[in-house]
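For reference, the structure is listed below as structure tokens.
The values are calculated or read from the model by the stated rules, or taken from the named source; none is laboratory data. Just so it is clear, the structure is predicted and the values come from calculations on it, not from any experiment. Cβ sites come from the backbone with ideal geometry, for glycine too, and all protein chains shown count toward neighbours. Note: accessible area is taken over every heavy atom of the protein model, side chains too, but ligands, DNA and RNA are not part of it. Shrake-Rupley method; radii C 1.70, N 1.55, O 1.52, S 1.80 Å.
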Amino acid sequence: CMGFTGALKLPAGLTSIEEYTFSNCSGFTGDLTISDKITTIGKYAFYNCSGFNGSLKLPDGLTTIDEATFWNCEGFTGSLDLPAGLTGIEGYAFSHCLGFTGDLTIPDKVTTIGEYVFWECSGFNGSLKLPAGLTAIGEFAFYGCTGFTGSLNLPAGLTTIGKDAFENCTGFTELVIGTNLTSIGEAAFKSCGNISGKVIFPISLSNIGKQGFAGCNKVEAFRFPHTTP
């Protein structure tokens, strides 16, 4: 339904939005406010609704952001504030949402970030804060998020980073790896060319994929605990 114009006004009593409900409804503009009683939003619910050009307000009761929910909603502006009760973010959830700015804080209860979740969300221009309980980051999860700045601190509980997860994240200037990481995927940090200082790998690490750090030319040293520095 591509002929809609203006704001999308959802009723206050709405409790759920099913999958594909507004998929490809590209004419909506302005803010998108999801009413507070909504606890579930189905996959692809707002896929390719690229006309929104205001803020996205998610309800506090939302626990999961499903697959591709806001994929290609590239007009949103301002910060992306995720609800504190969120436990999971599925693949492609915010893929190619170019307009978000500021910091991105992943809530404390989130344990996994799916593939392509923030793919090419290049507008963020602050820090990326990951929760302590995070265990896995999917492939291409933050690919092309060029605006993040400062240190990328990977939590102690993180065990796997998928391929290309942080490729082209050129704004990070430091990388701190947690103590339980076991696998770094292919090209995971490729072209993160502004990371400097020492990158210290934990004893738990068993695999670094090819081109894992290709183009990270400012790193002073990669240190492995298995050997004498």
- prompt: Out of Ala165, Ala214, which single residue is more than 20 Å from the chain's Cα centre (by Cα), aliphatic (A, V, I, L, M) and either more than 21 Å from Gly138 (Cβ to Cβ) or surrounded by 13 or more Cβ atoms within 10 Å (Cβ to Cβ) (or both)?
  reply: Ala214
query: So which of Leu62, Leu134, Leu86 is among the aliphatic types (A, V, I, L, M) and within 13 Å of the chain's Cα centre (by Cα)?
result: Leu134
message: Could you check segment 174-191 and list, in sequence order, the residues that are open to solvent by 20 Å² or more (accessible area, probe 1.4 Å) and in contact with a Leu (Cβ under 9 Å, 6 or more places away or on another chain)?
response: Glu174, Val176, Ile177, Asn180, Thr182, Ser183
query: Does Leu82 satisfy being in contact with a Lys or Arg (Cβ under 7 Å, 6 or more places away or on another chain), in a loop (DSSP other than H, G, I, E, B) and farther than 14 Å from Ile137 by Cα?
result: no
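With the structure loaded, tell me whether Phe94 is open to solvent by less than 10 Å² (accessible area, probe 1.4 Å), part of a loop (DSSP other than H, G, I, E, B) and either modelled with pLDDT of 95 or more or out of contact with any Asp or Glu (no Cβ under 9 Å at 6 or more places or on another chain) (or both) or whether it fails that test.
So Phe94 fits the description; yes.
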- prompt: Residues of segment 11-26 being under 15 Å from Cys73 (Cβ atoms) and surrounded by fewer than 16 Cβ atoms within 10 Å (Cβ to Cβ), which ones?
  reply: Tyr20, Thr21, Asn24
- prompt: Going through segment 36-86 one residue at a time, which ones are under 17 Å from Lys109 (Cβ atoms) and open to solvent by 60 Å² or more (accessible area, probe 1.4 Å)?
  reply: Thr39, Thr40, Asp60, Thr63, Asp81, Ala84
message: I'd like the full set of residues that are over 21 Å from Ala68 (Cα atoms) and basic (Lys, Arg), limited to segment 125-177.
response: Lys129
Candidates Gly102, Gly126, Gly114, filtered to the one that is under 21 Å from Gly42 (Cα atoms) and of a type outside the set (Phe, Trp, Tyr): Gly114
- prompt: Do you know which of the residues in segment 97-111 that are touching a Lys or Arg at 6+ places or on another chain (Cβ under 8 Å) and part of a strand (DSSP E or B) is surrounded by the most Cβ atoms within 10 Å (Cβ to Cβ)?
  reply: Leu104
Members of segment 149-162 that are among the aliphatic types (A, V, I, L, M) and open to solvent by less than 50 Å² (accessible area, probe 1.4 Å): Leu152, Leu154, Leu158, Ile161
message: Here are the criteria: (1) over 18 Å from Glu115 (Cβ atoms); (2) free of Cβ contacts under 8 Å to residues at least 40 places away in the same chain; (3) open to solvent by less than 10 Å² (accessible area, probe 1.4 Å); (4) out of contact with any Lys or Arg (no Cβ under 8 Å at 6 or more places or on another chain). Tell me which single one Gly30 does not satisfy.
response: (3)
task: Check Leu152 against each of (1) under 21 Å from Ile41 (Cα atoms); (2) not in a loop (DSSP other than H, G, I, E, B) and name the one condition it does not meet.
output: (1)
field: In segment 8-46, residue nearest to Ser95 (Cα to Cα) [restricted to those that are hydroxyl-bearing (Ser, Thr, Tyr) and at pLDDT 95 or above]
entry: Tyr44
